[in-house]
Structures are given as C-alpha cells and as structure tokens.
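Heads up: the structure comes next, in structure tokens.
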Amino acid sequence: MSTSNDIRGVMIGVTGGRLLLPNATVAEVITFALPEQVPDAPNWLIGRIRWRGWRVPLISYARMAGLAETEGELGAKVVVLKALGGNQRHSYFAILTQGFPRLVTVSDNLLETDEETALPEGALMSVTLRDEHAFIPDLNRIESLIVQVLEQAA
C-alpha cells in the first residue's frame, strides 16, 4: 500500500550494479546507438549521442564508479536524464544501462541505508530496496565531471 511519502523511482541496471533514481529525473529511455567520440575523454565518457536535436553526453557509470572496465553495448539501453545543475549548454546527459530500467515505489519502510559499503566515484549513497542493493548516484557531481571534461575538450 502506498503512502503520501512514497516516491516513484527507477531502478537502472549497469554492469556490476544498480542505480536508483527519482523517476522525475528521467527524460526518456532509448536504444543505444554509436556515439560521436569526445577527444581525450576519460573511458567513462563514451561520447555524445543525438537526442531530440541535442548532442547529449553519454557516460558509463560502471566505468566511472570502477564497477566494470568494459560494458556490453549489444542490446544496451540509454537513459537520458535531466541535468540539475542549471548549465544551459548541458541540460541533459545519458547513462548506458544493461536491460530496461524499471519503475519502483520507494517508501521509508522499504529503503535501508547501507553505510558499510564504500561509495564509488559518482555515488551519493548506498541503499537496499526490497533486498536489492543499489547506489543513489550523485547527479550533481556526475554532471560537474561531464562539464569539466567537455570544456577541456572544446
């Protein structure tokens, strides 16, 4: 039974782990297509994809966080997220996912903080939701790292 404190979330599978995001940050889920490369970018910045007239940076959270060195792209999906930092040039960014993201209901009594797990780069918190471990990504930090790399590449 849901309560007024419940929020809708999205559970996203990445190589080596899962991410839990607020549903409101997800703009769209699309099929992976080869991105345009960004010169001298770290391996976690896969490149830029075209989406609705935008050139959106595509990242591998698994590589950024050290969860995996490589990710399969065959059958992968891309989750386009609304950037929260207010940078007009970078209003969206995308994360490579393994499988289709799924909607979840997040309620206080089902979400447990895991303070024993070390947080990788780009993670705000480690949690367990209904026996599923996930990281809540630090979207502001990720966005900041993307902007830094893109400004250096420009």
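The values are calculated or read from the model by the stated rules, or taken from the named source; none is laboratory data. Note that the structure is predicted; figures quoted are calculated from it, not measured. Neighbour counts are summed over all protein chains in view; Cβ atoms, including those assigned to glycine, are modelled from backbone coordinates with ideal geometry.
Based on this model, can you work out whether Leu96 counts as in contact with a Ser or Thr (Cβ under 8 Å, 6 or more places away or on another chain) and modelled with pLDDT of 95 or more? Spell out how you get there, then give the answer.
Values: in contact with a Ser or Thr (Cβ under 8 Å, 6 or more places away or on another chain): yes; modelled with pLDDT of 95 or more: yes.
When the stated conditions are applied, Leu96 passes them.
Conditions tested, residue by residue: (1) buried (at least 22 other Cβ atoms within 10 Å of the Cβ); (2) under 16 Å from the mean Cα position of the chain (by Cα).
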| residue | (1), (2) |
| --- | --- |
| Met11 | no, yes |
| Val14 | yes, yes |
| Gly17 | no, yes |
| Thr31 | no, yes |
| Trp54 | no, no |
| Leu58 | yes, yes |
| Leu67 | no, yes |
| Glu73 | no, yes |
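Whether any residue in region 106-122 is of a type outside the set (S, T, N, Q), closer than 15 Å to Val26 by Cα and in contact with a helix residue (DSSP H, G or I) (Cβ under 9 Å, 6 or more places away or on another chain) is what I want to check.
Residues of region 106-122 that are of a type outside the set (S, T, N, Q), as a first pass: 106, 108, 110-112, 114-116, 118-122.
From what's left, closer than 15 Å to Val26 by Cα: none.
Within region 106-122, not a single residue is of a type outside the set (S, T, N, Q), closer than 15 Å to Val26 by Cα and in contact with a helix residue (DSSP H, G or I) (Cβ under 9 Å, 6 or more places away or on another chain).
If you scan region 93-134, which residues turn out to be in contact with a His (Cβ under 8 Å, 6 or more places away or on another chain) and in contact (Cβ under 8 Å) with a residue 60 or more places away in the chain? It would help to see each step written out before you state the result.
At the first step, the residues of region 93-134 found to be in contact with a His (Cβ under 8 Å, 6 or more places away or on another chain) are 114, 117, 126-127.
The answer is Val127, and nothing else.
Looking at (1) farther than 18 Å from Glu151 by Cβ; (2) more than 13 Å from the chain's Cα centre (by Cα), find the lone condition where Val26 falls short.
(2)
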